[in-house]
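Read the structure below first, then the notes.
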Amino acid sequence: MNIRTPTIASVAMALLVVACGGGQSPTPSSSPIPSSAGSTSAPSSTPPEPATVRLALDWTPNTNHTGFFVARANGWYDDAAIDLQVLPYASATPETLLAAHQAECGISFQDALTFAAAAGAPIVSVMAILQHTAQEIAVLASSDITRPKDLDGRTYAGFGYPNEEPTLKSVIKADGGTGTFKTVTLETAAYDALYAKRADFVITFAAWEGIEAKERGIELRTFKFGDYGFPDFYQVVLACDSRWLASHPDLARAFVGATVRGFELAADDPENAAALLVSQNPGVFDGNPALPLASQKFLASGGYLRDESGAVGRQTLDKWQGYSGFLFDQGLLAGPDGKPLAKAPDYQALFTNAFLP
């Protein structure tokens, strides 16, 4: 389960679709209660027609998505008169689908959403799914690399995302190194390259690939970004089309509320939540049936699903300003014209807590 970031081309395509008026949203009711204004007939006992909400996944189902499947399995979307349609990940990123009116909400990440919003995509984060980053630098425990500065002159197996090298250089320099290394772009083959000793280090997702490696008997040594002064960030967020939020605020609140409830259960009862994730996605985890539970326990026990106050979903300006500010300072944010932003974006506009229960 790699953490993908939209390419410049994918964001540009999304904005082109928006500019051309492509894609149409369904017309869900903004309220689950039908209006009886202007009618003299007796109130109907017919339940309201469910409103459609399309959720675009970023990858195959995994524990970043558990709360949605928990809420669906428990009927919490049904209770809110919501027909949740989960869109499997294909070639288009969730950010692209949101900008093109092909989904109301989708799974995103603080960096991916910042890139897309800077380029003009009308999207905003409505809840933090993971309150902290679970990404780490990983090397083989058998290697002679014992700290980040030892990565100087080594080979990094990466995914081709624009923020990878600046992040790694920042961590290495903070540990006293020069931040010079060779990069080979291997995408999801990066992990096997490390395990086969064809590369020296990768960025791993501790809640998934880190657990997989241990299950395979592969011992890793990892370095957390935050231990070297790097700003923490929201690893995974729920992003929504800001135009849909403005036109259907009641429906959006109902959807986010049911979703928060699902992730609350995931935080408090990881065994039940993992079982529901598996049952809602038959066949997906047959290759490693133990991984969902191990991953869900990791996220729950590690404090990834709740903030310091115990709340699920809440976001702060400090965290958005910290990491998204790093992306701007590194010259990685491009505007709708494809040129680097001349001034910092409005970090407050990248997220909202207004739809949380």
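The values are calculated or read from the model by the stated rules, or taken from the named source; none is laboratory data. All values reported here derive from a predicted model rather than from experimental measurement. Quick reminder, even Gly has a Cβ in these numbers, built from the backbone with ideal geometry, and neighbours come from all protein chains shown. Surface accessibility is based on the protein's heavy atoms, side chains included, excluding ligands, DNA and RNA. Shrake-Rupley method; radii C 1.70, N 1.55, O 1.52, S 1.80 Å.
Run residue 128 past the list (1) hydrophobic (A, V, I, L, M, F, W, C); (2) under 25 Å from residue 311 (Cβ atoms); (3) in contact with a Ser or Thr (Cβ under 8 Å, 6 or more places away or on another chain) and report the number of the one that doesn't hold.
(3) is the only condition that residue 128 fails.
Residue 114: over 18 Å from residue 280 (Cα atoms) and among the β-branched types (Val, Ile, Thr), yes or no?
On the way: over 18 Å from residue 280 (Cα atoms): yes; among the β-branched types (Val, Ile, Thr): yes.
Against the criterion (over 18 Å from residue 280 (Cα atoms) and among the β-branched types (Val, Ile, Thr)), residue 114 qualifies.
Is there any pair with a first residue in the range 135-160 that is over 17 Å from residue 219 (Cβ atoms) and a second that is assigned to a loop (DSSP other than H, G, I, E, B) and among the hydroxyl-bearing types (Ser, Thr, Tyr) whose Cβ atoms are under 8 Å apart and which are 6 or more apart or on different chains, and what are they?
From the range 135-160, the pairs are 152/178; 152/180; 153/180.
Going through the range 245-264 one residue at a time, which ones are of a type in the set (Asp, Glu) and surrounded by fewer than 17 Cβ atoms within 10 Å (Cβ to Cβ)? Before the answer, list the steps.
Restricting attention to the range 245-264, the residues satisfying the condition of being of a type in the set (Asp, Glu) are 250, 264.
Hit for the range 245-264 is 250, nothing else.
Let me spell it out: the conditions are (1) over 18 Å from the mean Cα position of the chain (by Cα); (2) open to solvent by less than 10 Å² (accessible area, probe 1.4 Å), and residue 103 meets all of them except one. Which number is the exception?
So the condition that residue 103 fails would be (1).
Take residue 175 and tell me if it is surrounded by fewer than 20 Cβ atoms within 10 Å (Cβ to Cβ) and of a type in the set (D, E, K, R).
Details: surrounded by fewer than 20 Cβ atoms within 10 Å (Cβ to Cβ): yes; of a type in the set (D, E, K, R): yes.
So residue 175 passes the test.
For residue 241, state whether it is modelled with pLDDT of 95 or more, out of contact with any helix residue (DSSP H, G or I) (no Cβ under 6 Å at 6 or more places or on another chain) and over 24 Å from residue 292 (Cα atoms).
Details: modelled with pLDDT of 95 or more: yes; out of contact with any helix residue (DSSP H, G or I) (no Cβ under 6 Å at 6 or more places or on another chain): no; over 24 Å from residue 292 (Cα atoms): yes.
Judged against the criteria, residue 241 is not a match.
Residues checked against (1) open to solvent by 20 Å² or more (accessible area, probe 1.4 Å); (2) at pLDDT 95 or above; (3) of a type in the set (Gly, Ala, Ser); (4) touching a Gly at 6+ places or on another chain (Cβ under 7 Å):
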residue	(1), (2), (3), (4)
109	no, yes, no, no
121	no, yes, yes, no
128	no, yes, yes, yes
137	no, yes, no, no
141	yes, yes, yes, no
148	no, yes, no, yes
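Looking only at residues in the range 296-353 that are within 23 Å of residue 255 (Cα to Cα) and of a type in the set (Gly, Ala, Ser), which one is least open to solvent (accessible area, probe 1.4 Å)?
313
For the subset of the range 178-209 comprising residues that are of a type in the set (Asp, Glu) and in contact with a helix residue (DSSP H, G or I) (Cβ under 9 Å, 6 or more places away or on another chain), which member is most open to solvent (accessible area, probe 1.4 Å)? Write out each step before concluding.
Narrowing the range 178-209 to residues of a type in the set (Asp, Glu): 187, 192, 200, 209.
Applying the additional criterion that residues be in contact with a helix residue (DSSP H, G or I) (Cβ under 9 Å, 6 or more places away or on another chain) yields 200, 209.
Numbers: 200: 49, 209: 5 Å².
That would be 200.
Scan the range 213-244 residue by residue and report those that are part of a helix (DSSP H, G or I), in contact with a Ser or Thr (Cβ under 9 Å, 6 or more places away or on another chain), under 23 Å from residue 296 (Cβ atoms) and open to solvent by 10 Å² or more (accessible area, probe 1.4 Å).
Listed by number, the list holds a single entry, 226.
From 15, 57, grab the single residue that is surrounded by 12 or more Cβ atoms within 10 Å (Cβ to Cβ), under 30 Å from residue 209 (Cα atoms) and either in contact with a Phe, Trp or Tyr (Cβ under 8 Å, 6 or more places away or on another chain) or at pLDDT below 50 (or both). Quick ask: steps written out before the conclusion?
Values: 15 fails: under 30 Å from residue 209 (Cα atoms).
Exactly one of 15, 57 is surrounded by 12 or more Cβ atoms within 10 Å (Cβ to Cβ), under 30 Å from residue 209 (Cα atoms) and either in contact with a Phe, Trp or Tyr (Cβ under 8 Å, 6 or more places away or on another chain) or at pLDDT below 50 (or both), namely 57.
So, residue 269, is that one open to solvent by 50 Å² or more (accessible area, probe 1.4 Å) and not basic (Lys, Arg) or not? Steps first, please.
Numbers: open to solvent by 50 Å² or more (accessible area, probe 1.4 Å): yes; not basic (Lys, Arg): yes.
Here the answer is yes, as residue 269 does meet what is asked.
Go through the range 133-169 and count every residue that is of a type in the set (Asp, Glu) and either within 15 Å of residue 197 (Cα to Cα) or touching a strand residue (DSSP E or B) at 6+ places or on another chain (Cβ under 8 Å) (or both). If you could, list the steps in order and put the result at the bottom.
Looking only at the range 133-169, we keep the residues that are of a type in the set (Asp, Glu), and these are 136, 144, 150, 152, 164-165.
Keeping just the survivors that are either within 15 Å of residue 197 (Cα to Cα) or touching a strand residue (DSSP E or B) at 6+ places or on another chain (Cβ under 8 Å) (or both) gives 136, 144, 164-165.
Within the range 133-169, residues that are of a type in the set (Asp, Glu) and either within 15 Å of residue 197 (Cα to Cα) or touching a strand residue (DSSP E or B) at 6+ places or on another chain (Cβ under 8 Å) (or both) number 4.
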